[in-house]
Every structure is written in structure tokens, then in C-alpha cells.
Amino acid sequence: MKHSKRRILSSHVGSLIRPQALQSQLRAKAAGEGYDAQAHAECLRESVAEVVREQAKVGIDVVSDGEYGKSISWSQYALERLAGFERRRLPADAADPFARGADRARFPEFYAELDEIDARPAGGAGGRMKFDSVCVAPIRYTGHAALARDIDNFRAALGNVKVEEAFMPVAAPASVIPDRRNEYYKTDEELVVAIAEAMREEYRTIVEAGFLLQIDDARAAVSFDRMVPPKSLATYRKWLGLHQDLLNHALEGIPEDRVRYHVCWGSWPGPHVTDVPIRDIADLILRVRAGAYALEMANPRHEHEWRLWESVRLPKGKLILPGVISHATNIVEHPELVAERIVRLAKLVGRENVIASTDCGFAQGPFHRRVHPSIQWAKLEALVAGAKLATKALWRPSSRAATAKRKTARRAPAKRRK
């Protein structure tokens, strides 16, 4: 994994807004009406090529395939790649298994409005159906063909651009199929162990294909909001520690410097007043055997937490990918603000150990986004521009060095004219 040796590199968290043509193919597939598998495959291949070209055009150094091959969400996609689960559609008036937590309990009226907006199908930005995902049989990995397709499409797209590196995002065991129910294994811990061992196949295949592996784990932080209260911080930390150990189990044999670990507090534009502070879980985040840690730092609820690194040492050789762009607002950050966020962190952990990134993905699934597509690209342009400003600030000669250089120049004897 490359470090920012000569300049601040740029990346993002991975998931990008799908084009309408690809959305139409996925809608037809979901409905089972008018679906053409060959047309979908061609559309997917062209869409991946285009989104990689756009990232390179904007100036992103470490690019993704946009997660375009996932036809559900960033975490629920595992339903199509793991045997052993059954997806049961819930009635329209049934309680949404996702709709719970301390933040929702405090702001029920706000969340009622947000859920109504999210349920609107206009523009493919909402319309989330309610499903119950249930484990009913032994879990095993079956996504080999889909993963091979995504790798082939990404590799072909990269052949036409010049970038520093490329990564593919996947879900951590804790985040695979959130709010799943267990009707097969004796305990939930046995269920997660089975998920970790099955997902290991996906993790290893991506790395063996030559890409960086990004582990997405929103549930690592979000679960605090779901658990506390009534449970305690200690109980939550025990739960998280178990899942971090299982993630490391799934990563066995994969070099740390090929792994990026992404933690966020959920993509939704809510109050987030019940989020767990990063100081309470930083040690558990750093426990994961990864070469880089992608963390939210543009979110106004967590932006101040860059100061954590005044007292917490980043392990030697590791990277931080700070979110310096928010995915949750259509306001485009000024490049100078982006640069300020980069520089203050770089002064604590080392400029070479920072790659500028986003807080989270711009699309949580093929039909769910947080900003308009045009805003997504404007934000990535601001990210690149801010990284360039930060580079100038961090690599310019110090005032002392500049003064010494001027003094040396004054002392140098003048050349004689012939």
C-alpha cells in the first residue's frame, strides 16, 4: 500500500452513485420482468469503465469500482454470495428491523420524516423494501462467479487509466447482513464465526487479484447506538472485541499492508447525538490487522476527534485515511477547509501516513444515495484540490531552511564577467 511520500494522495470510501442505465437493469432483475442478463453484463462492464475513468479524470489516486457489481447494498449484497440465508419480505406495515436505536428514540419525529423521504422511489434514491434475513442452513461462500466478474470488469477498466492503486470494498463479518436472525446455529457467535470463515474466500481472492482490500464495518460503531442503553459500554466493547478478533481470523494469511479498515457511524443524515466517541473504541479499531484505517473526520459530530491522535500513537508503518469530505450533505466543502483538515492531522501522525478520503460512500446501495450525482463529483474535485493545497503547506521549506538558503546565497562569491 502506497504512502504519501511526496504529496498527499487522495482516495474515497468506495461506493459511488450508480448511473440510471445500471439502475434500470437492476430494477428489471429484481422485478423479474424484461430482464436481459447479457444486456446487464454489458451495461455493468461499461458503467465500471466509465466510473473508473471519471475518478482518474478528477484526480483520485486510489480508485474503486464504485461497488457497481453489488445489486443490493454495501452489506446486504452478501445475501447473494453466501449460502445459508433466506430473505423474507415483510409486509409494508411491519416494523423496519433497521429502524431502532437510541438516536431514533430521542428524535422520533425527525426519523419519521427521514424514513418517509427514504421510502420515496423518485430518482432511485429511495424505495427501500423491508426484508427479514434469516440464517436457515450452514453458511458457505458461493459468490465466486460474481466476484470474478467484478474483478475482471475492474481490471479491464484500470487498463485505460493511470492511477496509483485500486481497491475493492467488502463487508466485515460484523456488518455482513445487518440485523440478521439465526434459526440454524446454536449461538450467534457460531453464526458470526461461520460468516467470517466464508467471507475469507472473498477477502483472499481480491488480494490475490492484485487489489487492495477495504473492509467496511459501519456496524462496529453503529451497534453502540443499538445496544447502549440498556447495555453498558463495557458490554458493547466486549461485543466489538469479539468481532474484531473474528475479523482478524478472516484476514489470516493476508498481508496487513494490503488491507484498509473503514469504520463510520452510519451514513444517514441524522443527529448522531448517541454515537460512541472514538476515544472509547480506538484501541479496538487499531486491533484490526490492517495497514490503513479510514475514519470519519468531516462529520460535524466527530470532526473534533482528530485531536485523539495527540495522545494515541498511530502504529509504525500504518496509514490513516481521514474523512475530509462529508457524504451526507450537498454542501461542497471548500478546498481550503479540506486542506486544513488534512494538515492538522498530518502534523500529528506524519504527512506520509495520511491519504485524504471521504467519510463514507456516496451510495449505500444501487438505489440509495445521500447527495446528487453531480455533487458527488464536485466533492471529489474539492477533495483533490484540498490535497494539493495540503501538499504545498506540508512540503514547503521551513522558514528557517529558507532563511539559511538566502544567507548562503548572499555569502556566495559573485561570478566574474569575462
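The values are calculated or read from the model by the stated rules, or taken from the named source; none is laboratory data. Every value quoted in this text rests on a predicted model; they were computed, and no experiment measured them. Reconstructed Cβ throughout: ideal geometry from the backbone, glycine too, with neighbour counts over all protein chains shown. Quick note on the areas: whole protein, heavy atoms, side chains included, nothing else; ligands and nucleic acids left out. Shrake-Rupley method; radii C 1.70, N 1.55, O 1.52, S 1.80 Å.
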Point to revise | Contact order normalised by residue count of the stretch 217-274, Cα under 8 Å, 6+ apart, percent | key: 62 percent
**Study point:** Cut-off 20 Å (backbone N to label point 7 Å along Cα→Cβ of Val273), residues of the stretch 181-224
**Key:** 222-224
Point to revise | Listed values (1) 13; (2) 37; (3) 21, entry calculated as percent of Cα pairs over 42 Å apart | key: (1)
Check your understanding: Taking only C-alpha pairs under 8 Å that are 6+ residues apart, what is the relative contact order of the chain in percent?
Key -> 22 percent
Practice item. Pop out the carbon and sulfur fraction of the accessible area of the chain as a percent, whole number, probe 1.4 Å. Key: 52 percent
Exercise for review: Compute the distance in nm between two label points, each set 7 Å from the Cα along the Cα-to-Cβ direction, one at Ala99 and one at Lys231.
Suggested key: 2.4 nm
Study note, to complete from the structure: Taking a crude spin-label model, label points 7 Å out from Cα along the C-beta direction, the Glu197 to Lys5 distance in nm is 4.1 nm
Review point. Mind checking the angle between helix 108-118 and the chain's longest principal axis? C-alpha axes, 0 to 90 degrees, to the nearest 10.
Key: 90 degrees
Revision key, fill the gap. Quick shape summary for the stretch 93-242, equivalent ellipsoid via Cα gyration tensor, semi-axes whole Å in descending order, reads 31, 23, 17
Practice item. Taking the chain as the reference, fit the longest principal axis to its C-alpha atoms, fit the long axis of helix 37-58 to the helix C-alpha atoms, and give the angle between the two in degrees, 0 to 90, nearest 10. Key: 20 degrees
Exercise for review: Return the tail of the calculated pair distribution for the stretch 238-388, meaning the percent of Cα-Cα pairs more than 27 Å apart.
Suggested key: 23 percent
Review point. Quick one: putting +1 on the C-beta of Lys and Arg, -1 on the C-beta of Asp and Glu, what dipole do you get for the chain around its Cα centre, in Debye to the nearest 20?
Key: 3440 debye
Revision key, fill the gap. A student applying the Cα gyration tensor rule (rounded when a/c is under 1.5; otherwise prolate if a/b is larger than b/c, oblate if not) would label the stretch 155-305 oblate
**Study point:** Whole-Å distance, taken between Cα centres, linking the stretch 280-335 and the stretch 208-240
**Key:** 15 Å
Review point. Considering the stretch 1-126, what Rg and Dmax in Å follow from its alpha-carbon atoms?
Key: 18.5, 56
Review point. Hey, what's the chain come to in accessible area per residue, 1.4 Å probe, Å²?
Key: 47 Å²
**Study point:** Per-residue ³J(HN,Hα) for the stretch 19-31, Karplus 6.51 cos²θ - 1.76 cosθ + 1.60, θ = phi - 60°, Hz, x for Gly and Pro
**Key:** x, 4, 4, 5, 4, 4, 5, 6, 5, 5, 5, 5, 7
**Study point:** Choice from Leu114, Leu251, Leu79 with maximal GNM fluctuation in the chain (Cα, 10 Å cutoff)
**Key:** Leu114
Review point. For Gln20 and Ala41, what does the FRET efficiency come to when R0 = 22 Å and r is the distance between their Cβ atoms, rounded to the nearest 0.05?
Key: 0.80
Study note, to complete from the structure: Using alpha-carbon positions, the gyration tensor of the stretch 196-283 gives root eigenvalues a ≥ b ≥ c; with a/c under 1.5 called rounded, otherwise prolate if a/b exceeds b/c, else oblate, the class is prolate
Study note, to complete from the structure: Largest fluctuation, Ala209, Ala363, Ala157 only, Gaussian network model of the chain with Cα springs under 10 angstrom, belongs to Ala209
Point to revise | Inter-probe distance in nm under a simple model that places probes 7 Å from Cα toward Cβ, at Ile117 and Glu165 | key: 3.5 nm
